[in-house]
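These notes are about the structure you will find just below.
Readers should treat all values here as calculations from the given coordinates under stated rules, not as data from a laboratory. This is a predicted model, so every value here is computed, not measured. Neighbour counts run over all protein chains shown; Cβ positions are idealised from the backbone, glycine included.
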């Protein structure tokens, strides 16, 4: 017989402000080089579970399910829709490229490693016979205005990244690479490209199913999660779903924007950004485009005689219905940034094939959250002196909510960052070596926001 465990409900948890005060998150802890062995950076260890449950249905949950099944863990995936990849992973084409700044800061280093892992995973799945539309055709970040030209020069001057990752090209080189007339040079990422997210998700899942360890339950919307306690005093989870109550030993939340108000998850600073992508009919003036083009938005090569352009970014909107106004915005954005190319293509509203409005799940510092759900109340009890001295040395490991993990907040970069995040999550659960160093682990840990709030005295 299972009984409800006594835990901190949202009403019992002290209020913590995650509001942006204008200070970049990369600076909120100052320039101090924290010891990677500080207690609050230590991740919990558990006995490798035989089975886990995942809430999701997009690229994050597909990567997590794949990684876990490869390590011998049985997985049940609960998807709220009647098929996989109906949310942010449902676009016809998605660009795969790393977010790189001029210097090797923490965000860029993460995305550099994530990009390498993503390419490796997708190629491996394809080699196993689980193919999906893709093209590693590179990506050209066009320097279409003076500030971007200066940025391009700065990239070349600092030379922080290897040329095979990213390098500067002029307009002549850009035209040759793009295979269409180009008026501007830019920064070229030769190993980037595009893939079809929905097909990629389904093929990752199909590949994982060959292990015999993955079960997918569609049409199962989770509305509530409750911690319960078994006779052996181990915490388990009770899921209230559209298919009834489901019990599980270890729960991983990989949902997108639709899940951020779930109990426990809503304690963390996730936000919603709505975006619309427009698919345009190809024509003779753009059909030969041979690389992904980024400006303020993006333009992809032709796939099934369509190009994707976009995307809009509307904070705090939860609208998933496409509008003609946002289609027009996407067309006008291309016209404003690349007027000569836009004039040659000559797209108008009548060239729209379809549009999709979807929701992105964001974090304040543009890095995903991967790891155990922090016990916020116990964090406040364990690390109070950080409010007075951010360098105070604590050795106590970060307190967490038992057997509850999350892998969320990928924004528009899940194709790039989800595979590496899944490897980190798998290391959490299996006790295997982490693929990143301790500082990067903390940069991705859900409790980083709790520690920052304590340091900034926002309690």
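Structure values in brief
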read-out: Region 146-285: projected area of the alpha-carbon convex hull, averaged over directions, in nm²; value: 15.5 nm²
read-out: For the chain: relative contact order, % (alpha-carbon pairs under 8 angstrom, 6 or more apart); value: 25 percent
read-out: Near-label residues of region 95-136 by backbone N, under 19 Å of a point 7 Å along Cα→Cβ of residue 432; value: 113-128
read-out: Gyration tensor over alpha-carbon atoms, region 280-410, equivalent ellipsoid semi-axes in Å; value: 46, 16, 14
read-out: Sequence of 201, 436, 353 once ranked by neighbouring C-beta atoms within 10 Å, starting from the fewest; value: 353, 436, 201
read-out: Rg ratio (alpha-carbon, reference 2.2 N^0.38 Å) - region 251-322; value: 1.51
read-out: Between region 71-86 and region 124-169, the Cα center-to-center distance that results, in Å; value: 32 Å
read-out: Difference of contour (0.36 nm per residue) and Cα-Cα distance, residue 439 to residue 242; value: 66.9 nm
read-out: Between helix 146-158 and the chain: long-axis angle, C-alpha atoms, 0 to 90°, nearest 10; value: 70 degrees
read-out: Exposure proxy ranking, count of Cβ atoms within 10 Å, fewest first, for 170, 402, 284; value: 284, 170, 402
read-out: Nearest 10 degrees, 0 to 90: helix 414-430 Cα axis against the chain principal axis; value: 20 degrees
read-out: Sorted by Cβ density within 10 Å, fewest first, the residues 392, 194; value: 392, 194
read-out: Space enclosed by the convex hull of the alpha-carbon atoms of region 336-385, per residue, Å³; value: 183 Å³
read-out: Inter-site label distance for residue 343 and residue 304 at 7 Å from Cα along Cβ, in nm; value: 3.4 nm
read-out: On Cα atoms only, tilt of 106-127 relative to the major axis of the chain in degrees; value: 80 degrees
read-out: When the convex hull of its Cα atoms is projected in every direction, mean area for region 39-142 (nm²); value: 9.9 nm²
read-out: Relative intensity, log₁₀ I(q)/I(0), of the chain from a Debye sum that treats every alpha carbon as a point, q = 0.06, 0.13 Å⁻¹; value: -0.27, -1.24
read-out: Mean ellipticity per residue at 222 nm, deg cm²/dmol - from DSSP H runs of n ≥ 4 across the chain, formula -39500 (n - 2.57); value: -8500 deg cm²/dmol
